[in-house]
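**Q** Below: one structure in structure tokens.
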Amino acid sequence: MTIGIIGLVIGLLVLAAGLYYLAHEKNDPESRKIYGVISAVGAVLSLAMLLKIIFAA
């Protein structure tokens with residue numbers, strides 16, 4: 001349970017940072033690609049940890 005919560009927090013932080021820098025660097029196509037991938041990884045990690053928490057209970 002603890003690992004799930006820590007993973008969820010980390011995933012949300014990665015997602016938030018990726019979205020922030022994606023909006024900040026919206027004019028650079030290469031940066032948009034990189035921060036888009038980072039945001040997607042954060043979203044997948046958050047979703048996976050949320051499902052782990054839900055189904056572990």
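The values are calculated or read from the model by the stated rules, or taken from the named source; none is laboratory data. Keep in mind that this is a model prediction, so the values were computed, not measured. For neighbour counting, all protein chains shown are included, and Cβ atoms are generated from backbone atoms with ideal geometry for every residue, glycine included. Just the protein is used for accessible areas: all its heavy atoms, side chains included, with ligands, DNA and RNA removed. Shrake-Rupley method; radii C 1.70, N 1.55, O 1.52, S 1.80 Å.
**Q** Starting from one equal scatterer on each C-alpha and no solvent at all, send me the Debye-based log10 I(q)/I(0) for the chain at q = 0.15, 0.16, 0.23 Å⁻¹, two decimals.
**A** Log10 I(q)/I(0), no solvent term: -0.44, -0.49, -0.75.
**Q** Ignoring everything except DSSP H segments at least 4 long, calculate the 222 nm mean residue ellipticity for the chain; use -39,500 (n - 2.57) per segment, divide by total residues, nearest 500. Kindly include the intermediate steps, with their values, before the conclusion.
**A** Details: 2 runs with 51 residues, N = 57.
The helix-only estimate for the chain comes to -32000 deg cm²/dmol at 222 nm.
**Q** Quick check: net charge around residue 34, other residues with Cβ under 14 Å of its Cβ, Lys/Arg +1 and Asp/Glu -1? Provide the component values of the computation, followed by the final result.
**A** Details: positive: 26, 32, 33; negative: 25, 28, 30.
So the environment of residue 34 carries a net charge of 0.
**Q** Please give the helix 29-56 orientation as an angle from the longest Cα principal axis of the chain, in degrees from 0 to 90, rounded to the nearest 10.
**A** Relative to the chain, helix 29-56 is tipped by roughly 10 degrees.
**Q** Measure off, as a whole percent, the carbon and sulfur share of the 1.4 Å-probe accessible area of the chain, all protein chains present. Walk me through the numbers on the way to the answer.
**A** On the way: 3150 of 4260 Å².
Exposed carbon and sulfur together represent 74 percent of the surface.
**Q** Let me ask something else. Net charge near residue 19, counting Lys/Arg +1 and Asp/Glu -1 over other residues with Cβ under 15 Å of its Cβ?
**A** Numbers: positive: 26, 32, 33; negative: 25.
Local net charge: +2.
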